[in-house]
1. Counting Lys +1, Arg +1, Asp -1, Glu -1, what net charge surrounds A156 among other residues with beta carbon under 13 Å of its beta carbon?
2. Which value in nm describes the separation of the simple spin-label points at S104 and E172, placed 7 Å from the Cα toward the beta carbon?
3. Rounded to the nearest 0.05, what FRET efficiency do M143 and M185 give with R0 = 22 Å and r taken as the Cβ-Cβ distance? Could you check?
4. Determine the order of F206, F139, F106 by accessible area, beginning with the largest, at a probe radius of 1.4 Å.
5. Which value, in Å² rounded to 10, gives the accessible area of E99 with a 1.4 Å probe and all protein chains present?
Amino acid sequence: QGKGYIGTASVAARPKWGGPWQVSLLSDVGNSASIPLLKGSLPVGGTWKLCYCVDSDGSCTHNAGYTLELGLLDVTGPKGDQDFDCNLDSAQCEVGPIEGHRLSLFDAVLLLPEGGSCTANESIEDELLNESSVSSLPFGEAMPTELDGLVLRASADSAGPAGSDSIAPRFEIPAAMNRTQVPGMWLLCYCSPARSGDRCDDRDGFTTSAGQLTVIGPVRSQSMGCT
């Protein structure tokens, strides 16, 4: 809320290490406005400072225009771009510990094939999953020798940094030796019930990218020749 017509304004949220993440305001009655946050549009987990810009002279296209501190936005979720790896034919393969803000033991991770997206068009995603024989299985399950479409639940013994109100969840891949027979990369789509409205039992809750899992090793059955 504010004084006067504030529909021609923008808000940027930026942590200490970068930004801005910018959205335009939607005016309600002229002197109040809301920030539309669409599926997958939130920044990564953490506490973000909201910086306000009145777009009277086009200054909202530059960082320097956001000079008014509006408040703080607390976002539950993982940090982005976290990388994990396991070797080919690993007896144990673990995703984690995943760092983030206010993560919990009720969180879950969905593994998608390389080339997918946590916020991808569903038809594109379905095509990728169909190629890996997942289409006939219930959501969250995968073929015994595959990772595509598998949902992992946080390990009960996950712990967090001392003095933190968040844990750093670890996710164990079941029957890892069977599921790590093929090298490659898988996208880690994260669901936190506090953020998704307790929708970790369907695809709509997994809209945040936490990074990727790489299974390291050579492609099997390669044909070589010498002359």
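1. Working: positive: R153, R170; negative: D107, D157, E172.
Taking every Cβ under 13 Å from that of A156, the sum is -1.
2. It works out to 2.3 nm between the two label points.
3. Numbers: r = 18 Å, r/R0 = 0.82.
FRET efficiency, M143 to M185: 0.75.
4. On the way: F206 0, F139 90, F106 160 Å².
So, going from the largest accessible area down, we get F106, F139, F206.
5. 100
The values are calculated or read from the model by the stated rules, or taken from the named source; none is laboratory data. What you see is a predicted model, and the numbers here were worked out from it, not measured in a lab. Using ideal geometry, Cβ is built from the backbone for each residue, glycine included, and neighbour counts are taken over all protein chains shown. These accessible areas exclude ligands, DNA and RNA; they are computed on the full protein's heavy atoms, side chains included. Shrake-Rupley method; radii C 1.70, N 1.55, O 1.52, S 1.80 Å.
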